[in-house]
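I have placed the structure first, in the form of C-alpha coordinates, so that the comments after it can refer back to it.
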Amino acid sequence: MMDLKIHSDFSKVNLDEMKEIYSSVGWTKHTKEIIKQVFEASNVFLFVTVNDQIVGFGRAITDGVLCQIPSRLLKGA
(Lines give C-alpha, C1' and ligand atoms only; values in the text may rest on other atoms or scores of the structure.)
Protein backbone atom coordinates (compact mmCIF):
# COMPACT_ATOMS: atom_id res chain seq x y z
CA MET A 1 0.00 0.00 0.00
CA MET A 2 1.29 3.46 -0.94
CA ASP A 3 1.43 5.96 1.92
CA LEU A 4 1.49 9.40 0.23
CA LYS A 5 2.06 12.46 2.44
CA ILE A 6 2.52 16.16 1.77
CA HIS A 7 4.12 18.23 4.52
CA SER A 8 6.09 21.41 5.11
CA ASP A 9 8.28 20.38 8.03
CA PHE A 10 11.88 20.91 6.95
CA SER A 11 13.14 19.33 10.18
CA LYS A 12 11.82 15.95 8.94
CA VAL A 13 13.62 16.14 5.60
CA ASN A 14 16.34 13.68 4.61
CA LEU A 15 18.92 15.82 2.80
CA ASP A 16 20.52 12.75 1.20
CA GLU A 17 17.19 11.92 -0.48
CA MET A 18 16.81 15.51 -1.63
CA LYS A 19 20.34 15.50 -3.05
CA GLU A 20 19.50 12.33 -4.99
CA ILE A 21 16.48 14.04 -6.55
CA TYR A 22 18.55 17.09 -7.51
CA SER A 23 21.19 14.81 -9.05
CA SER A 24 18.55 12.79 -10.94
CA VAL A 25 17.66 15.91 -12.97
CA GLY A 26 21.26 16.94 -13.58
CA TRP A 27 21.61 19.48 -10.77
CA THR A 28 24.78 17.89 -9.43
CA LYS A 29 26.36 21.03 -7.92
CA HIS A 30 23.79 21.16 -5.12
CA THR A 31 25.48 19.93 -1.95
CA LYS A 32 23.44 19.10 1.13
CA GLU A 33 24.61 22.39 2.64
CA ILE A 34 23.39 24.39 -0.38
CA ILE A 35 20.06 22.56 -0.39
CA LYS A 36 19.61 23.34 3.29
CA GLN A 37 20.52 26.98 2.73
CA VAL A 38 18.11 27.55 -0.18
CA PHE A 39 15.20 25.93 1.63
CA GLU A 40 15.89 27.87 4.83
CA ALA A 41 15.87 31.08 2.75
CA SER A 42 12.52 30.21 1.15
CA ASN A 43 9.23 31.56 2.45
CA VAL A 44 7.12 28.59 1.43
CA PHE A 45 8.04 24.98 0.75
CA LEU A 46 6.51 21.53 0.72
CA PHE A 47 7.68 17.96 0.50
CA VAL A 48 5.98 14.91 -0.95
CA THR A 49 6.81 11.49 0.44
CA VAL A 50 5.75 7.99 -0.48
CA ASN A 51 6.29 5.43 2.25
CA ASP A 52 8.36 8.06 4.10
CA GLN A 53 10.78 8.59 1.18
CA ILE A 54 10.92 12.00 -0.51
CA VAL A 55 9.71 11.81 -4.11
CA GLY A 56 9.23 15.52 -4.76
CA PHE A 57 9.42 19.01 -3.30
CA GLY A 58 8.89 22.64 -4.15
CA ARG A 59 9.81 26.00 -2.76
CA ALA A 60 9.06 29.67 -3.33
CA ILE A 61 10.09 33.09 -2.17
CA THR A 62 7.71 36.01 -1.88
CA ASP A 63 7.53 39.70 -1.17
CA GLY A 64 4.36 39.08 0.86
CA VAL A 65 2.28 41.28 -1.45
CA LEU A 66 1.94 39.69 -4.87
CA CYS A 67 1.37 36.03 -5.65
CA GLN A 68 1.62 34.76 -9.20
CA ILE A 69 1.68 31.20 -10.43
CA PRO A 70 2.64 30.66 -14.06
CA SER A 71 -0.27 29.09 -15.92
CA ARG A 72 2.01 26.56 -17.60
CA LEU A 73 2.65 25.00 -14.20
CA LEU A 74 -1.07 24.61 -13.61
CA LYS A 75 -1.71 23.10 -17.04
CA GLY A 76 1.31 20.85 -16.99
CA ALA A 77 2.62 22.34 -20.24
**Asked** When the gyration tensor of the chain is built from Cα positions, what are the square roots of 5 times its three eigenvalues, in whole Å, from largest to smallest?
**Response** 21, 17, 14
**Message:** For a test of understanding, tell me how many lysine pairs in the chain have Cα atoms under 20 Å apart, given they are 8 or more places apart or on different chains.
**Reply:** 6
**Prompt:** What does the helix-only formula give at 222 nm for the chain: each DSSP H stretch with n ≥ 4 adding -39500 (n - 2.57), the total divided by the residues, and the result rounded to the nearest 500 deg cm²/dmol?
**Reply:** -8500 deg cm²/dmol
**Message:** Just the number please: accessible area per residue for the chain, 1.4 Å probe, all protein chains included, in Å².
**Reply:** 79 Å²
**Asked** Using a 1.4 Å probe on the protein chains only, how many percent of the accessible area of the chain belongs to carbon and sulfur?
**Response** 56 percent
**Asked** How would you classify region 1-44 from its alpha-carbon gyration tensor, with a ≥ b ≥ c the square roots of the eigenvalues: rounded for a/c under 1.5, else prolate if a/b is greater than b/c, otherwise oblate?
**Response** oblate
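The values are calculated or read from the model by the stated rules, or taken from the named source; none is laboratory data. The model shown is predicted, which means the values in this text are computed figures rather than measured ones. Accessible surface areas use protein heavy atoms only, side chains included; no ligands, DNA or RNA. Shrake-Rupley method; radii C 1.70, N 1.55, O 1.52, S 1.80 Å.
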